[in-house]
Amino acid sequence: MPTVIFEALDNSDPVHIDAPDGGAIADLCDENDAPVPFSCRSANCGTCRIHVLEGAELLLDAEDEELDVLDVFAVAPPAQRLACQAKMRAGAGTVRIRAVGDDE
Ligand code: FES
């Protein structure tokens, strides 16, 4: 079963979420109070940038809108993604992510 682990910036306990059917990372965040900030939710602002620490291959490929925003911050997949755009494939594995901090 796919699992998403959201690590917190403040070193509090990570949030573990089982996602048997995969799905949008944003929906998983909303449903589980995961520590990822959002603003526009439409690949415009970059507020929801996340480090993908493990399991990048379990995320669907980024589309042009997401790549354009990441390019503004001089980053790219697989190291970083936008949580408002990233979607997880169904299937076994673990994706471990952490929001990009204000000072990064
Ligand atoms: S919330 Fe603005 S780019 Fe994701």
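The values are calculated or read from the model by the stated rules, or taken from the named source; none is laboratory data. Nothing here was measured: the structure is a model prediction, and the numbers come from that model. Heads up, the Cβs are rebuilt from the backbone with ideal geometry, glycines too, and the neighbour counts pull from every protein chain shown. Just the protein is used for accessible areas: all its heavy atoms, side chains included, with ligands, DNA and RNA removed. Shrake-Rupley method; radii C 1.70, N 1.55, O 1.52, S 1.80 Å.
Applying the set (1) at pLDDT below 95; (2) in contact with a Pro (Cβ under 9 Å, 6 or more places away or on another chain); (3) open to solvent by 50 Å² or more (accessible area, probe 1.4 Å); (4) not acidic (Asp, Glu) to residue 47 leaves exactly one unmet item: (1). Scanning the range 79-104 for residues that are in a loop (DSSP other than H, G, I, E, B) and either more than 11 Å from the chain's Cα centre (by Cα) or under 16 Å from residue 6 (Cβ atoms) (or both) gives 83, 84, 86, 89, 90, 91, 92, 100, 101, 102, 103, 104. Output the residue which, of all residues in the range 76-95 that are farther than 15 Å from residue 50 by Cα and small (Gly, Ala, Ser), is surrounded by the fewest Cβ atoms within 10 Å (Cβ to Cβ). Ranking the candidates gives 92 first. Restricting attention to the range 1-54, which residues are farther than 17 Å from residue 96 by Cβ and more than 16 Å from the ligand (Cβ to nearest atom)? Hits for the range 1-54 are 20, 21, 31, 33.
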